[in-house]
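Data block below; observations after.
The values are calculated or read from the model by the stated rules, or taken from the named source; none is laboratory data. Only a predicted model underlies this, so the values are computations on that prediction, with no experimental measurement involved. For neighbour counting, all protein chains shown are included, and Cβ atoms are generated from backbone atoms with ideal geometry for every residue, glycine included.
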Amino acid sequence: MSANAAREQEFLEYVQSGGQVESTDWLPADYRQKLIKFIEMHANSELMGVLPEREWILKAPTLQRKLALTAKVQDEVGHAQLIYRVAEDLGKPRDEMFADLLSGKAKFHNVFHYPTKTWGDVGVIAWLVDAAAIISQKALLKCSYAPYARIMKKICWEESFHILHGRDVVLAMMTGTPEQQELVQEAVNRWWGPLMQFHGNPIAREEDPMYLWRIKSQGNEEARQQFLEGYVPQIWELGLTVPDSNLGRGDDGVWVYSEPDWAELKSVVTGHGPRSQERLDFRRRFLEQEKWVRDSLVAA
Amino acid sequence: MNERAQLLLSIADDELIIGWRDSEWTGIAPTLEEDVAFSSIAQNEIGHARALYELAATELGSDADALAFDRAPEEYRCAQLVELHLLEWAHTIARRYLYEEADRVRLGALKESADSELAGVAAKIDREEVYHRMHAELWAARLRDESRFREAVEELWPYALGVLPQELRPELARRTGLSVDSTQAIERGTHTPELAELWQEMTEVRRSIPGAQW
């Protein structure tokens, strides 16, 4: 075993036993590369995730809802900024990350490739999409890369408020008129498929390179089970139905469900979702339109 | 409608509509840091609008949301400056800068008002506006050598004068170094087509199911 391989093996054992490293520590090249890829996708998701919601800030039906939704989207942009900075520290400049996002080289989460059709979607996104996201993010609190794990504390704290906000929007509609209840049910029907795909295919965690390096601390299926266990009873309690006749909790506490459409997931995250290109075009338009502002900041 | 309610509504409408315009930048501002700042400003302005609508609502036997959303576009009393659709940074900053300067002059006068309730709200609003002014002044200083920014300020100046009543305009001119004499102010009372478009979007969900609670 070469000296470098021995050093890498030592590093691997260290992170696998729960050790955390700092940006100033020696990092294996493969670890750094995987870490950047993972963190960059997370940052891109926060950034692209504001687009489906921002248009509804302008349509929010009360002053309170408008304030709450603006604050929520502001948090997401703030998260994007924090996360991009962690990736920048690892050696990839922000402009390069934006360029890779726009060219399709870097990805963002599947749920942000879909349209938001009604105010019902606004509630369901903040409640259930953020709930699915917080499950993944809580698992990052134990990430082997300490700077990333640290910012996740603030992010998880803020995300937990988003879930409360979303649930409140949903609750107001579910205790409202039949039309409002219908809007929520339609939104749940629309988002269920993407939500079940959200945590990824049920690859064994030992085979997941992100788990190997302890960037992630849980497997995809564990995360999905946690989501189902936490939220399906709440969905039912509000009088909503889930569009999956096979969904149920077994005696062993494991949820069964219809196989999510993995082909759809793959197609969507590679830029072929119903709003993928439109959202990227919108992002590109403003990045290009306001480039002179960033240039003037650099020059100052 | 009495004079007090009219005054309250004109300021509340200015704050609501500029807050709405500012929130158009949420998610798409030139930098992430600026995006967060603009969302904060938008929330403050909407919060100010709400405080003022609440005062007006007591006067008019209404509530803040009904005043903000349920009037027809022509019933709004905002100045045209805040209505303009300016999703471009030089104009956005020019408007923020001019609006904050006008608002400073207006709040200064309101804080001296004999109406203690109004003076109290004005003082509270002014404490947050201090930060908006710092933000606007910082950007105005950064962009002062950009011709597109200087042109935007000139273009918007007649609109900025229209935010204030006649007697407060010389103070605004003094603060900005622009001229009040040679400029025809664009007065409050008529609206741009942009307001009707904004109103359509702003009230779309609320109008979709009349009387529903959200």
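In the stretch A:61-75, what residues are under 23 Å from the mean Cα position of the chain (by Cα) and facing another protein chain (nearest Cβ under 8 Å)? Hits for the stretch A:61-75 are A:65, A:66, A:67, A:70, A:71, A:73, A:74. Residues of the stretch A:231-286 that are out of contact with any helix residue (DSSP H, G or I) (no Cβ under 7 Å at 6 or more places or on another chain), within 14 Å of chain B (Cβ to nearest Cβ) and either buried (at least 16 other Cβ atoms within 10 Å of the Cβ) or of a type in the set (Phe, Trp, Tyr) (or both): A:286 alone. With a requirement of 1 or more residues that are surrounded by 18 or more Cβ atoms within 10 Å (Cβ to Cβ) and among the hydroxyl-bearing types (Ser, Thr, Tyr), the helices (runs of 4 or more DSSP H) lying completely within the stretch A:28-104 that satisfy it span A:29-57, A:63-89.
A count restricted to the stretch A:77-88 and to residues that are at the interface with chain B (Cβ under 8 Å from one of its Cβ atoms) and touching an Asp or Glu at 6+ places or on another chain (Cβ under 7 Å) stands at 3. Within the group B:199, B:139, which residue is in contact (Cβ under 8 Å) with a residue 24 or more places away in the chain, surrounded by 19 or more Cβ atoms within 10 Å (Cβ to Cβ), within 30 Å of residue B:75 (Cβ to Cβ) and out of contact with any Leu (no Cβ under 9 Å at 6 or more places or on another chain)? The match here is B:199.
Just one of the listed residues (A:163, A:235, A:135) is modelled with pLDDT of 95 or more and touching an Asp or Glu at 6+ places or on another chain (Cβ under 8 Å), namely A:163. Scanning the stretch B:173-196 for residues that are assigned to a helix (DSSP H, G or I) and touching a helix residue (DSSP H, G or I) at 6+ places or on another chain (Cβ under 7 Å) turns up B:175, B:176, B:194, B:195, B:196.
Residues in the stretch B:40-77 that are of a type in the set (Phe, Trp, Tyr) and under 16 Å from residue B:121 (Cβ atoms): B:53 only.
Note on the stretch A:64-112: residues that are among the acidic types (Asp, Glu) and within 30 Å of residue B:19 (Cα to Cα) amount to 3.
Among the residues of the stretch A:177-210, those that are of a type in the set (S, T, N, Q) and under 19 Å from the mean Cα position of the chain (by Cα) comprise A:197, A:201. Of the residues making up the stretch B:84-101, those that are farther than 12 Å from residue B:136 by Cα and away from chain A (no Cβ under 14 Å) number 1.
From the list B:139, B:214, B:199, the one residue that fits, being within 14 Å of chain A (Cβ to nearest Cβ) and part of a loop (DSSP other than H, G, I, E, B), is B:214. Residues in the stretch B:41-62 that are within 7 Å of another protein chain (Cβ to nearest Cβ) and under 30 Å from residue A:97 (Cβ atoms): B:42, B:43. Restricting attention to the stretch B:169-191, the residues that are surrounded by fewer than 16 Cβ atoms within 10 Å (Cβ to Cβ) and either under 19 Å from the mean Cα position of the chain (by Cα) or closer than 30 Å to residue B:70 by Cβ (or both) total 4. Within the option set B:204, B:167, being closer than 22 Å to residue B:22 by Cα and either away from every other protein chain (no Cβ under 11 Å) or out of contact with any strand residue (DSSP E or B) (no Cβ under 9 Å at 6 or more places or on another chain) (or both) holds for one residue only, B:204.
For residue B:65, the criteria (1) at the interface with chain A (Cβ under 9 Å from one of its Cβ atoms); (2) buried (at least 21 other Cβ atoms within 10 Å of the Cβ) hold in every case but one, which is (2).
With respect to the conditions (1) in contact with a Gly (Cβ under 9 Å, 6 or more places away or on another chain); (2) in contact (Cβ under 8 Å) with a residue 24 or more places away in the chain; (3) not hydroxyl-bearing (Ser, Thr, Tyr), residue A:54 falls short on a single one, namely (2). Is it true that residue B:160 is crowded, with 17+ Cβ neighbours inside 10 Å, within 20 Å of the chain's Cα centre (by Cα) and away from every other protein chain (no Cβ under 14 Å)? Yes: the conditions hold for residue B:160. The selection criterion, being touching a residue at least 40 places away in the same chain (Cβ under 8 Å) and in contact with a Pro (Cβ under 6 Å, 6 or more places away or on another chain), holds for residue A:111.
Being among the β-branched types (Val, Ile, Thr) and more than 13 Å from chain B (Cβ to nearest Cβ) is the requirement here; does residue A:169 meet it? Against the criterion (among the β-branched types (Val, Ile, Thr) and more than 13 Å from chain B (Cβ to nearest Cβ)), residue A:169 does not qualify. Need pairs with beta-carbon distance below 9 Å; first residue at the interface with another protein chain (Cβ under 8 Å from one of its Cβ atoms) and surrounded by fewer than 24 Cβ atoms within 10 Å (Cβ to Cβ) and within the stretch B:16-27, second among the small types (Gly, Ala, Ser) and assigned to a helix (DSSP H, G or I); sequence gap 6+ or separate chains. Here the result reads B:24/B:42, each pair linking the stretch B:16-27 to a residue that is among the small types (Gly, Ala, Ser) and assigned to a helix (DSSP H, G or I).
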